[in-house]
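Some notes on the structure that comes next.
The values are calculated or read from the model by the stated rules, or taken from the named source; none is laboratory data. Keep in mind it's a predicted model, so treat the numbers as computed, not measured. Virtual Cβ from ideal backbone geometry, glycine too; neighbours counted across all protein chains shown.
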Amino acid sequence: MQHPSRLILAVLLCSALGGQAADNMPRIEEVLVSPPAVPSPISRRTPATVVVHLRTEEKIMELADGVRYDFWTFNGSVPGPMIRVREGDTVELHLHNAPNSHMSHNIDLHAVMGPGGGAAVTGTAPGHDSVLTFKAMRPGLFVYHCATAPVPMHIANGMYGSILVEPAEGLAKVDHEYFLMQGDFYTQGRYHDPGLQNFDTEKLLNEQPSYVLFNGREGALNGDKALQSKTGEHVRLFVGNGGPNLSSSFHVIGQIFDTVSIEGGSAVNHNVQTTLIPPGDASIIEMTTEVPGTYLLVDHAITRAFMKGALAQLHVSGPARPELYHGQAATPAEHSEPVTTHDSMAIGKRVFTQICSACHQGNGMGLPGAFPPLAMSDYLNSDPHRAISIVLHGLSGHITVNHTGYESQMPAFGPQLGNEEIAGVLTYVLNSFNNKGGSISPEEVDKARKGQP
Ligand code: HEC
Ligand SMILES: [Cu+2]
């Protein structure tokens with residue numbers, strides 16, 4: 001029989017020598033990152049014990065510009081971080097509930113086979129900890145969420161994330177990986193009503209959210225936070241749906257998915273336009289970004305995208321690919337201009353680069369909170385003629401562009417720029433940055449300058 005102190009010594013030695021557990025599996029501390037970032041791909045080809053620390057936290061954050069909400073979260077973000085393990089790994093999950101929480105929380109991981117997906121043993125009061133150990137037996141992208149009563153409320157307040165169980169052989173290498181989750185939110189105020197918004201049980205019961213969002217905030221992945229890629233690169237999206245109620249008809253405007261893992265499982269579909277992701281489900285989506293531009297990620301139940309916030313952006317940079325995609329501005333037949341659209345575009349490009357890009361940025365995306373985007377601007381595209389007077393006379397006061405409010409000032413360029421230059425820059429902008437096209441003539445600018453209709 002072994003002497004007890006020798007046993008302890010052996011265990012100590014064991015952990016000193018590379019942290020090997022008694023079963024000889026390495027113990028790895030999972031490094032979690034905030035969405036849309038994901039942990040690095042797994043290069044290990046043998047199983048390990050992966051230690052994951054999640055912390056439930058209730059905190060007030062913005063749901064949209066000027067709209068605050070008391071979110072309940074995993075690790076302070078909506079969604080919580082994506083956990084990444086390998087098929088066959090043992091996951092040792094530590095759940096800590098912040099001491100200032102008002103509620104108990106727990107976790108149900110769809111990657112778990114066991115009662116409640118772990119919820120049965122992880123009920124954790126404020127300031128307490130619990131530990132769940134499970135074997136990740138099946139590969140796939142799985143949702144996790146809080147399952148404390150009332151479950152719909154905990155989920156509606158943002159308590160969800162994903163766990164990727166990589167197949168034993170790993171995933172193919174890609175250029176970019178991003179993680180996003182859709183969720184529906186129920187506020188007492190209407191969409192964009194400002195201030196702190198309370199939870200609305202009536203709207204929850206009717207399944208009529210005031211917001212449908214990617215990553216818990218309108219514009220979470222827009223502008224300078226847009227997902228990035230270059231032409232010819234491969235992008236892998238890990239897309240989950242926390243719900244609690246709405247299914248996502250997930251679509252990227254102007255892209256076709258190379259592959260989609262159906263319902264996050266092992267079956268793969270090819271050349272997909274829109275994929276259905278029900279609440280509590282997730283999908284691994286891969287695409288090749290061929291043509292430069294800004295692409296919109298939407299729920300194609302499209303009212304949600306344009307009127308409830310379910311809109312994210314993927315920005316693809318690189319040289320134009322006219323052999324794959326090109327267009328010409330629609331020129332009105334009745335106009336025959338001394339300045340052709342081609343010249344006008346050249347003039348416009350120069351003016352844009354020298355003047356407009358200082359504020360609206362070279363890619364037309366503007367700067368959040370300061371300069372509205374000219375790229376895919378609903379404000380510009382809905383009335384291009386109004387833009388003539390904006391450039392001539394400047395603009396101030398409140399405007400809403402792509403559902404974001406701006407309360408700023410643009411100087412007048414009428415004194416400084418000629419009619420051909422203003423016509424050129426607007427024609428250039430209308431035919432760039434994924435705008436709808438069209439043209440503005442120097443005569444139209446001249447009329448506006450003279451105050452004629
Ligand atoms: C000094 C910074 C600045 C420059 C330079 C500038 N703008 Fe603006 N622009 C603004 C601001 C700020 C607003 C929003 C004003 C408001 O909040 O009322 C705006 C609004 C607009 C809008 C309407 C909103 C939208 O996004 O569709 C258009 C169109 C526009 N600008 C076009 C131009 C063009 C074309 C040029 C170049 C000739 C230009 N701007 C140069 C600051 C600038
Ligand atoms: Cu909870």
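Report, by residue number, each residue of segment 407-445 that is over 20 Å from ASP378 (Cα atoms), assigned to a loop (DSSP other than H, G, I, E, B) and either out of contact with any His (no Cβ under 7 Å at 6 or more places or on another chain) or not small (Gly, Ala, Ser) (or both).
Hits for segment 407-445 are PRO411, PHE413, PRO415, GLN416, LEU417, GLY418.
Tell me, please, whether a residue that is over 22 Å from LYS59 (Cα atoms), touching a strand residue (DSSP E or B) at 6+ places or on another chain (Cβ under 8 Å) and part of a loop (DSSP other than H, G, I, E, B) can be found in segment 192-203.
So far as segment 192-203 goes, no, none of its residues is over 22 Å from LYS59 (Cα atoms), touching a strand residue (DSSP E or B) at 6+ places or on another chain (Cβ under 8 Å) and part of a loop (DSSP other than H, G, I, E, B).
(1) over 19 Å from the mean Cα position of the chain (by Cα); (2) outside any strand (DSSP E or B); (3) away from ligand 2 (no atom under 16 Å from the Cβ): which one isn't true of VAL50, the others all being true?
Here VAL50 meets the rest and fails (2).
Within segment 353-406, can you find the residues that are assigned to a strand (DSSP E or B) and within 21 Å of LEU227 (Cα to Cα)? Outline the logic, then answer.
As a first pass, look at segment 353-406 and keep what is assigned to a strand (DSSP E or B): 367, 371, 395-401, 404-406.
Residues satisfying the conditions are LEU367, PHE371, VAL401, THR404.
Would you please name the residue that is farthest from HIS315 (Cα to Cα), looking only at residues in segment 407-452 that are among the aromatic types (Phe, Trp, Tyr) and at pLDDT 90 or above? If you could, list the steps in order and put the result at the bottom.
At the first step, the residues of segment 407-452 found to be among the aromatic types (Phe, Trp, Tyr) are 413, 428, 433.
Among the residues that remain, those that are also at pLDDT 90 or above are: 428, 433.
Values: TYR428: 20, PHE433: 11 Å.
Filtering first and then ranking leaves TYR428.
Taking the options VAL67, VAL78, VAL151, name whichever one is farther than 23 Å from PRO36 by Cβ and out of contact with any helix residue (DSSP H, G or I) (no Cβ under 6 Å at 6 or more places or on another chain). Lay out the reasoning, then the answer.
Values: VAL67 fails: farther than 23 Å from PRO36 by Cβ; VAL78 fails: farther than 23 Å from PRO36 by Cβ.
Going through VAL67, VAL78, VAL151 in turn, the sole match is VAL151.
Restricting to segment 392-421, count the residues that are crowded, with 18+ Cβ neighbours inside 10 Å and of a type in the set (Asp, Glu).
2
If ASN271 meets every condition in (1) modelled with pLDDT of 95 or more; (2) of a type outside the set (Gly, Ala, Ser); (3) surrounded by 15 or more Cβ atoms within 10 Å (Cβ to Cβ) apart from one, which number is that one?
(3)
Given the criteria at pLDDT 95 or above and out of contact with any helix residue (DSSP H, G or I) (no Cβ under 9 Å at 6 or more places or on another chain), does ASN100 qualify?
Details: at pLDDT 95 or above: yes; out of contact with any helix residue (DSSP H, G or I) (no Cβ under 9 Å at 6 or more places or on another chain): yes.
Yes; evaluated as a whole, the condition is true for this residue.
Here is a check on your reading of the model: is ASP108 exposed (fewer than 15 other Cβ atoms within 10 Å of the Cβ) and assigned by TED's automatic domain parsing to the domain that holds VAL50? Walk me through it before giving the result.
Numbers: exposed (fewer than 15 other Cβ atoms within 10 Å of the Cβ): no; assigned by TED's automatic domain parsing to the domain that holds VAL50: yes.
Against the criterion (exposed (fewer than 15 other Cβ atoms within 10 Å of the Cβ) and assigned by TED's automatic domain parsing to the domain that holds VAL50), ASP108 does not qualify.
Within segment 272-299, track down each residue that is within 22 Å of SER377 (Cβ to Cβ) and either assigned by TED's automatic domain parsing to the domain that holds GLY161 or touching a helix residue (DSSP H, G or I) at 6+ places or on another chain (Cβ under 8 Å) (or both).
Within segment 272-299, LEU296, VAL298, ASP299 qualify.
Filtering segment 173-228 down to residues that are of a type in the set (Phe, Trp, Tyr) and within 18 Å of HIS300 (Cα to Cα), which residue is surrounded by the fewest Cβ atoms within 10 Å (Cβ to Cβ)? Lay out the reasoning, then the answer.
We begin by selecting, within segment 173-228, every residue of a type in the set (Phe, Trp, Tyr); these are 178-179, 185-186, 191, 199, 211, 214.
Checking the rest, the ones that are also within 18 Å of HIS300 (Cα to Cα) come to 185, 211, 214.
Numbers: PHE185: 30, TYR211: 25, PHE214: 30.
Only one residue tops the list, namely TYR211.
In segment 372-391, what count of residues is obtained for those that are out of contact with any strand residue (DSSP E or B) (no Cβ under 7 Å at 6 or more places or on another chain) and either surrounded by fewer than 19 Cβ atoms within 10 Å (Cβ to Cβ) or free of Cβ contacts under 8 Å to residues at least 60 places away in the same chain (or both)? Please lay out each step first, then the result.
The initial filter retains those residues of segment 372-391 that are out of contact with any strand residue (DSSP E or B) (no Cβ under 7 Å at 6 or more places or on another chain), namely 374, 380-389, 391.
Filter once more, so that each one left must be either surrounded by fewer than 19 Cβ atoms within 10 Å (Cβ to Cβ) or free of Cβ contacts under 8 Å to residues at least 60 places away in the same chain (or both): 380-387, 389, 391.
Count: 10.
Looking at segment 97-104, can you tell me whether even one residue there is touching a residue at least 12 places away in the same chain (Cβ under 8 Å) and closer than 30 Å to VAL235 by Cβ?
no
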